[in-house]
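What follows is a single structure, written as structure tokens, with notes after it.
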Amino acid sequence: MLPIVIVILVLGTIYAVSIAPPDQRVVVGLVVVVLTAAGYGIGMAITTAGTDQRTYYPIAAAIGGTMIAFGWISNKRKSWPKKDAKS
């Protein structure tokens, strides 16, 4: 399960950093990493507390953490300067 979470984490971070302005890239990257890892940790806690069976709670929780991060980025993006159409 951990490799799937790592792929989600890497792809989410790369995309989030690519859309962020240069001065906000570190903050945006950290938000995605921290919330995805926190979601995974919470999912692992739920899995180990309740059952010995293998479940998909950690993956679902990591995806949920990434979605929360992208919700934050979406709100933050409204205040970012607009890119010039002519590049």
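Only the coordinates and a few stated rules stand behind these numbers; no lab work does. Predicted, not measured: the structure shown is a model, and the values here were computed from it. Neighbour counts are summed over all protein chains in view; Cβ atoms, including those assigned to glycine, are modelled from backbone coordinates with ideal geometry.
Assorted remarks:
- Highest average first, the peptides 10-16, 58-64 ordered by how many other beta carbon atoms sit within 10 Å of their residues are 58-64, 10-16.
- The label point for residue 75 and the one for residue 30, both projected 7 Å from the Cα toward the Cβ, are 1.8 nm apart.
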